[in-house]
1. Take the residues in the range A:48-81 that are in a loop (DSSP other than H, G, I, E, B) and within 16 Å of DNA strand C (Cβ to nearest atom), then tell me which one is nearest to residue A:143 (Cα to Cα).
2. Inside the range A:127-141, can you point out the residues that are surrounded by fewer than 21 Cβ atoms within 10 Å (Cβ to Cβ), in contact (Cβ under 8 Å) with a residue 60 or more places away in the chain and more than 13 Å from chain B (Cβ to nearest Cβ)?
3. Please determine, by comparing only the residues of the range B:23-36 that are crowded, with 18+ Cβ neighbours inside 10 Å and not in a helix (DSSP H, G or I), which one is nearest to the other protein chains (Cβ to nearest Cβ).
4. Please state which one of A:93, A:45, A:20 is within 16 Å of DNA strand C (Cβ to nearest atom), assigned to a helix (DSSP H, G or I) and within 17 Å of the chain's Cα centre (by Cα).
5. Looking at (1) under 12 Å from the mean Cα position of the chain (by Cα); (2) more than 17 Å from residue B:9 (Cβ to Cβ); (3) outside any loop (DSSP other than H, G, I, E, B), can you tell me which one residue B:104 breaks?
6. Quick one: which residue in B:11, B:84, B:98 is assigned to a helix (DSSP H, G or I), in contact (Cβ under 8 Å) with a residue 40 or more places away in the chain and surrounded by 14 or more Cβ atoms within 10 Å (Cβ to Cβ)?
7. Just checking, which of A:76, A:49 is buried (at least 18 other Cβ atoms within 10 Å of the Cβ) and away from DNA strand D (no atom under 16 Å from the Cβ)?
8. Looking at the range B:110-126, which of its residues are touching a residue at least 40 places away in the same chain (Cβ under 8 Å) and either at the interface with chain A (Cβ under 8 Å from one of its Cβ atoms) or part of a helix (DSSP H, G or I) (or both)?
DNA sequence: CCTGGATTAGACCAATCGGTCTATTCTGAC
DNA sequence: GTCAGAATAGACCGATTGGTCTAATCCAGG
């Protein structure tokens with residue numbers, strides 16, 4: 001793909017893992033694919049991630065989750081109302097969807113849900129999701145909702161976005177995401 | 001698991017595939033797992049499904065999709081209003097979720113979306129999804145909605161259910177699904 | 001009973017899997 | 001300049017992968 005070379009090896013590995021897992025799922029990506037895309041030798045992988053593929057998946061999911069959190073913060077930071085924030089978020093994600101080639105999944109689901117059938121992994125995925133919801137919850141409260149309404153709104157937005165992303169993927173079109181705000 | 005023996009081999013294979021793919025995803029299941037669960041030898045697999053794993057995945061997804069269609073039909077058949085149908089559907093799916101051990105994914109997504117990165121497969125997945133939406137659409141129209149409203153309602157329900165199922169899975173609880181009707 | 005296609009059975013295969021290990025190179029502290 | 005630890009490099013490993021192929025078996029029609 002692009003010239004990732006200036007990045008340190010560890011970051012190149014995480015970036016490659018994040019991309020590939022999103023496209024093909026945890027089990028759909030081999031170490032060889034990973035190392036080829038990161039342009040790194042196997043030794044480096046096991047130096048930076050002693051537990052290999054699963055460690056890397058965790059790191060990739062965490063990185064992706066941070067990106068999402070940043071997007072959430074940005075979209076809601078400038079929004080005068082919750083609805084405006086939600087709208088900005090939908091547009092921002094639709095954009096990301098189009099840029100990704102309209103086929104990537106939710107990174108956390110791809111790398112952790114469908115990953116090693118390990119309870120710790122699943123719990124971590126749940127933890128990341130709750131982090132997203134908590135972030136939206138805080139903005140909702142800040143924008144005038146009471147505790148319970150804020151929680152319901154945050155969860156509802158999460159659910160809508162996950163579901164819309166999936167339908168968008170099936171249709172290979174970001175329209176569903178773009179039209180989402182109208183349905184609120 | 002259960003005594004699948006009385007079923008013909010082909011059906012046992014499809015059933016096993018359907019279950020395993022839902023739990024671990026297409027790439028997360030090996031032929032050995034599949035054959036062990038179906039109690040069938042490799043020869044039978046390639047006799048009934050000449051293209052092997054991918055053929056089987058298609059069949060499993062089709063079977064699962066038919067099950068969903070039946071559930072949709074049942075829930076809406078007895079419902080006096082669209083809202084009642086949606087509520088029945090949520091309850092029915094929450095039940096299925098609990099029975100499945102709270103970890104299975106949408107069968108179509110698991111076997112086709114995360115399956116072989118083949119465009120034909122993806123298109124077929126999209127086709128199955130549109131079939132579900134069409135089924136709900138028809139019931140919506142029958143229950144008094146006009147064309148456009150019915151389509152919007154059907155898509156909205158699809159999105160909500162897919163998203164809720166994902167959050168339910170993260171939380172290992174069907175509560176999100178059960179509370180869904182209140183949010184309509 | 002005989003026969004021929006459908007089905008079952010599993011040995012076998014090359015390729016790939018994730019992972020280990022040793023050797024080498026790079027790099028910053030002294 | 002020296003030297004230790006970090007990092008890179010990739011040969012190598014056993015296990016498993018999806019898939020092929022031949023032999024045995026089953027079973028329905030004659």
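1. A:49
2. Across the range A:127-141, the qualifying residue is only A:135.
3. It comes out as B:25.
4. A:20
5. Only one criterion in (1) under 12 Å from the mean Cα position of the chain (by Cα); (2) more than 17 Å from residue B:9 (Cβ to Cβ); (3) outside any loop (DSSP other than H, G, I, E, B) is unmet by residue B:104, namely (3).
6. B:98
7. A:76
8. B:110, B:111, B:112, B:114, B:121, B:124, B:125, listed by residue number.
The values are calculated or read from the model by the stated rules, or taken from the named source; none is laboratory data. Because the structure is a prediction, the values reported are computed rather than measured. Quick reminder, even Gly has a Cβ in these numbers, built from the backbone with ideal geometry, and neighbours come from all protein chains shown.
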